[in-house]
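> This is the structure I have questions about; it appears just below.
Just so you know, all these numbers are worked out from the coordinates, no wet-lab data involved. This is a predicted model, so every value here is computed, not measured. Every residue, glycine among them, receives a Cβ derived from its backbone with ideal geometry; neighbour counts consider all protein chains shown.
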Amino acid sequence: MSQSDQVHTSETSRSAAPRPGHLPPVEDLVACPTCDALYQLPDVPKGSRARCLRCHTVLTAPRDGAMTRIVMLAGTSVILMLAAIFFPFLELTAAGITQRSSIMDVVLVFADGPFVGLAIAVGALIVILPLARFLALIYVLAPMAFGWRPAREAVPVFRLAERMKPWSMAEIFIVGVAVALIKVAGLAHLSLGPAFWAFVALVLITAVKDTFMCRLTIWKTLEQRSQ
Amino acid sequence: MMTARSAGLVGCPNCGRVHDVPAPGRCQRCGWRLPGHAPDRSLQRVWAWLFAGLVVYIPANIYPMLRTNTFGRTTESTILEGVVDLLHHGSYGVALVVFVASIVIPIGKFFAIAYLAISVERREMMQVHARHRLFEVVEFIGRWSMIDVFVVAILAALVQLDFAATINPGIAAISFALSVAFTMLSAQSFDPKTIWLDGDMRPR
Ligand SMILES: [Zn+2]
Ligand SMILES: [Zn+2]
């Protein structure tokens, strides 16, 4: 991974009163999504990053073969998630009784009574939203990786995938597991099942995948290919 | 610093595509709603979600988060009592994690978002760069408050050993989860561009 932090941005002309015609065509311009600063972004070399000079938001960070890698990593994540759902997650032994629980059990424990809403929320945050995001990324980026035209409704699907990002809380769930382990340490003996490790692998892969995600490149490619 | 706005153009807040004026209602590339058509209500949304988050945060701290039943004896513990419990067991590190995630971050977030929203209306406060930093921290760190909700869910799922021990969630788990969600929505409604408006050249 070559990560030069070098700024490849060139600010557009600083003329005090911008006239139409003085600026390059809008296709060559990028407005920082965070602070609206205007840039004329030349082709940024693969493997380097362009940051906004003012707010340091990463504007673009193209990587070689990024689309293919994201699709493969997202596919791996889907498989790991399916394994994590159905295999035993934690094993608890207390007073001679052993109890295995899968993530499904964690979600379904509240499925009746006043905690249904909480069950749905927990299920959504740790399973459904991460899974939906992986599938959405595969749907949008697989045709891009092959150089095909975008899939139907790829634009709203990718927008949705972006929206889901802060609500996918797999990594927070891992920390929750660690805290829970310590909380019951005095009460019972807990051991980690295979699904836990699948889940940890999934979190790590998601982190790697996000380093390949250059939103600007994806949006631009979607736009160009749909024409 | 020249901005899309000061150049008389409209930049998409989602993908950065620049549009000529008059801009379409939605971004031509990503379909995001572009500013400048309907009156901007983002600040009202920020306050509304923040208020909702604050309202449900109060019962989250008063009512029990966890109901533990060991050998027929039931104990209930609130968020703070959970932290104290961990301290008693000598798990100082974990106690700190839970304390920060469930108490420091939520309360800090209420103040931070309120401060950011107020400073948009009154311009002379903290430096723009510091405010931007604060916004990034709030956005990044807010979701981690959900830890305690997951802990409760995991414990309740695992510890169902009939007579020996059962753990059930308390009503505070719901209001705390809602509080985290509402404040996340509040932070997401905040438009970071308003932080920078001061330094921009205003369109004539
Ligand atoms: Zn910027
Ligand atoms: Zn856009």
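> Tabulate in residue order the Karplus-calculated ³J(HN,Hα) for segment A:39-46, using 6.51 cos²θ - 1.76 cosθ + 1.60 with θ = phi - 60°, rounded to whole Hz; enter x for Gly and Pro.
Couplings: 10, 9, 8, x, 5, 7, x, 4 Hz.
> Next question. What is the distance, in nm, between label points placed 7 Å from the Cα along the Cα-to-Cβ direction at A:ARG163 and at A:ALA178?
3.2 nm
> Also, quick follow-up: Out of A:LEU204, A:GLY65, A:ILE182, whose Cα points farthest toward the positive end of the dipole of the protein assembly as shown (charges: +1 Lys, Arg; -1 Asp, Glu; placed on Cβ)?
A:GLY65
> Please compute the length gained on full extension between A:ALA201 and A:ASP64, using 0.36 nm multiplied by the number of residues separating them and subtracting their Cα-Cα distance.
Going from the current span to full extension adds 47.0 nm.
> Starting from the 7 Å offset along Cα-to-Cβ, what nm value, one decimal, do you get for the label separation of A:GLU91 and B:THR74?
3.3 nm
> Tell me which trypsin sites (Lys or Arg not before Pro) from segment A:26-67 have a DSSP coil assignment and no more than 15 other beta carbons within 10 Å of their own.
Here the trypsin sites (Lys or Arg not before Pro) that fit, given the DSSP loop and packing criteria, are A:LYS46.
> Can I ask one more? Fewest Cβ neighbours within 10 Å first, please rank B:TRP144, B:TRP196, A:TRP148 accordingly.
Fewest-to-most Cβ neighbours within 10 Å comes out as A:TRP148, B:TRP144, B:TRP196.
> Considering all alpha-carbon pairs of chain B, what whole percent are spaced by more than 21 angstrom?
Pairs farther apart than 21 Å: 62 percent.
> For segment A:79-178, give the magnitude of the charge dipole about the Cα centre (Cβ charges: +1 Lys/Arg, -1 Asp/Glu; no others), in debye to the nearest 20.
Using only the charged Cβ atoms, the result is roughly 460 debye.
> With only Lys, Arg, Asp and Glu charged, each at its Cβ (+1 for the first two, -1 for the last two), find how big the charge dipole of segment B:44-194 is about the Cα centre; round to the nearest 20 debye.
In debye, rounded to 20, segment B:44-194 gives about 400.
> Turning to a different aspect of this structure: Based only on other Cβ atoms within 10 Å, what is the fewest-to-most ordering of B:ILE58, B:ILE105, A:ILE172?
The most exposed by this proxy come first: B:ILE58, A:ILE172, B:ILE105.
> Pop out the Kirkwood hydrodynamic radius of the protein assembly as shown from its pairwise C-alpha distances, inverse of mean 1/r, in Å to one decimal.
23.6 Å
> Taking Cα centroids, how far is segment A:178-227 from segment B:76-152 in Å?
22 Å
> For a footprinting-style exposure proxy, rank B:ASP148, B:ASP20, A:ASP64, A:ASP105 by other Cβ within 10 Å, fewest first.
Ascending number of Cβ neighbours within 10 Å: A:ASP64, B:ASP20, A:ASP105, B:ASP148.
> Output the relative contact order of segment A:66-225, whole-number percent, from Cα pairs under 8 angstrom with separation of 6+ residues.
For segment A:66-225, the relative contact order is 39 percent.
> Do any trypsin sites (Lys or Arg not before Pro) in segment B:1-59 lie in a loop, going by DSSP, with at most 15 other beta-carbon atoms within 10 Å of their beta carbon, and if so which?
Qualifying residues, ordered by number: B:ARG41.
> No other cysteine beta carbon under 4.7 Å away is the test; run it over chain A and list who passes.
Cysteines lacking a close Cβ partner in chain A: A:CYS214.
> Tell me, what does the Kirkwood hydrodynamic radius of chain A come to in angstroms if you use every pair of distinct C-alpha atoms?
That comes to 20.4 Å for chain A.
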